[in-house]
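Heads up, the thing below is written out as structure tokens.
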Amino acid sequence: MFIDTHCHLNDERFQNPDEQIAHMRENGVTLAVCAGYDVPSSARARELAERYEEVYFTAGIHPDAQADATAENLEKIRKLCAHEKCVAVGEIGLDYHYTPFDKEGQKRAFALQVKLAAETGLPFCVHARDCTADMLSFLAENQTFLANGFVMHCFSGSAETAAQLVKMGAYISFSGTLTFGNARSLPQAAAIVPTERLLTETDSPYLSPHPYRGTTNEPARVRLVAEKLAQIKGEEIGRFAQKLRENAKRIFKRL
């Protein structure tokens, strides 16, 4: 019924993923996409996808690891992308939160991987933090490579930014932060995004939704994000969850 389009079952905190998979099944979460953030984590995500029927994966190099975007490593990502259960290149993007950071290095790694996504026929999954203006400019300058679509993972921006991204073809994915009491702009953003462009995720083990905020998150809790989105959109949760599932299958064609 529910789908977690971005989680990190490949995180070292999940020593026994059997537990998280069991919790997913108990809570009606029937699909989860495990996101890579460098070559080792992407390879681990592939292993989990091969182990569990309901798990798929993405392969990519996070902006914090931009120095790892060498020709050798990008070729490894390309090979992972050929796997039948790899649904996207990612997570990739820009992150200006922690200093020091290398803007030009991040943009270079991002551009190389956006091009890789276009070459492999896959969409890409974007990580964006404290970089709104540069992100919008980058995407506008690289429209040639957006034909397969892209996802703004763990969206944290304004309604205005969401509207601009939707015009570019983005799917907007909301996480547990949508349920936080102090997340005033996120419900406004969710309200203006067309239902057919919405996705749900946990980004687990991070960003556990209310009332579990501050604890280790897991894919089973994505239903709380879906319920909050359904409330914002004024829809019955069962029908709405089906729409979210259809959205995920539209952008991630290998699901």
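What the table shows:
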{"item": "Integer Hz, Karplus 6.51/-1.76/1.60 couplings in order for the range 75-91, x for Gly and Pro", "result": "5, 5, 5, 4, 5, 5, 5, 6, 5, 5, 9, 8, 9, 6, 8, x, 8"}
{"item": "Label-point separation, K79 to Y98 (7 Å along Cα→Cβ), nm", "result": "2.8 nm"}
{"item": "Efficiency of FRET from Cβ geometry, F180 and M1, R₀ 22 Å, rounded to 0.05", "result": "0.40"}
{"item": "Point-charge dipole on Cβ atoms (K/R +1, D/E -1) for the chain, about Cα centre, debye to 20", "result": "660 debye"}
{"item": "Of the trypsin sites (Lys or Arg not before Pro) in the range 172-227, those whose Cβ has at most 13 other Cβ within 10 Å and which sit in DSSP loop", "result": "R184"}
{"item": "Quarter of Cα convex hull surface for the chain, i.e. mean projection, nm²", "result": "12.1 nm²"}
{"item": "Eligible aspartates and glutamates near K228 by straight Cα distance, threshold 20 Å, same-chain separation 8 or greater", "result": "D4, E26, E196, E201, D203, E218, E236, E246"}
{"item": "The range 74-119 and the range 204-231: distance between their alpha carbon centers, rounded to Å", "result": "26 Å"}
{"item": "Between the range 3-37 and the range 54-68, the alpha-carbon center distance in angstrom", "result": "16 Å"}
{"item": "D_trans [Stokes-Einstein, Kirkwood Rh over alpha-carbon pairs] for the range 3-137, 4 °C, 1.567 mPa s, µm² s⁻¹", "result": "86 µm²/s"}
{"item": "Separation of the I237 and R108 label points, Cα + 7 Å toward Cβ, nm", "result": "4.8 nm"}
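Since every read-out is calculated from the coordinates, none of them should be taken as a lab result. Given the structure is predicted, the values throughout are model-derived calculations rather than measurements. Using ideal geometry, Cβ is built from the backbone for each residue, glycine included, and neighbour counts are taken over all protein chains shown.
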